[in-house]
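Have a look at the structure below, then the notes.
Quick note: the coordinates plus some simple rules give every number you see, no bench work behind them. It should be emphasised that the depicted structure is a prediction, and the values quoted were computed from it without experimental measurement. Cβ: placed from backbone, ideal geometry, glycine included. Neighbour counts: every protein chain shown.
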Amino acid sequence: MHASSSFFQRLFQRVVTALLRHGTEPKTIFLLAIFSILDGFLPMLPAEMFVLALCVLQPQKGKLIVLVFALASALSAFLLALGMGTLTASADSLSQKLMGAQGPQVLAMLRDWGPVSMVFFSVFPDSPRSSIALFALSGVSPKSIGAMVFIGKLILYTGLLLLIHHLPSRVGRWRGAGPFWVRWLQRRASRFVAYCRHIRWRARCLNQGT
């Protein structure tokens, strides 16, 4: 177990290093988007990290990055739902075993509200794998799931892009007095801006060979 965890840590560090070294190249956007499709199946590949780093390193291509990665997330959700859809025939019997007589009503509710609620689940970081699997088993079409995940991730990634573009110029104005929750937000905003600067600094160091 320890050997496998250290292997994944080394793999993650290599991915991060490659991302910072080649993050300013346009082709990296599409390569990492294809790579992030696996995020729906393997939790080791956080697409949000790729979007954040690429938007910091290629701010002029921010809209393209947001669109491409939202499409990649939608494709990932579609493929996962398509795979889970093959088990739909056993979903009714499985729901009855787990939830008794209320199983069919729960599945019907998911069919009615599943696609809309997927937008909410997809706005949060990471892939909503459990929700995708549950909705696919309940009979929600993979196309609907993919479309709702696309909308949710588009909202999330657009929010990240807006933070990267507009937060640095506003952090300085926010420093100072204010209620506790304002100061708490100020500290988080300052850390986020500092993290973006750190990404740019590390990328410069790697490209300069230092």
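Anything over 20 Å Cα to Cα? Flag those among Lys27/Lys63; Lys63/Lys143; Lys27/Lys61, in the order listed.
Violating the 20 Å Cα-Cα cut-off are Lys63/Lys143.
Taking the Cβ-Cβ separation of Lys61 and Ala194 as r and a Förster radius of 22 Å, what is the calculated FRET efficiency to the nearest 0.05?
So the FRET efficiency works out to roughly 0.45.
Once R0 is set to 30 Å, what does the formula 1/(1 + (r/R0)^6) return for the Cβ-Cβ distance between Ser117 and Leu71, expressed as a FRET efficiency to the nearest 0.05?
Efficiency, rounded to the nearest 0.05: 0.90.
Kindly put Leu71, Leu161, Leu185 in sequence by how many other C-beta atoms sit within 10 Å of each C-beta, fewest to most.
Lowest count first: Leu185, Leu71, Leu161.
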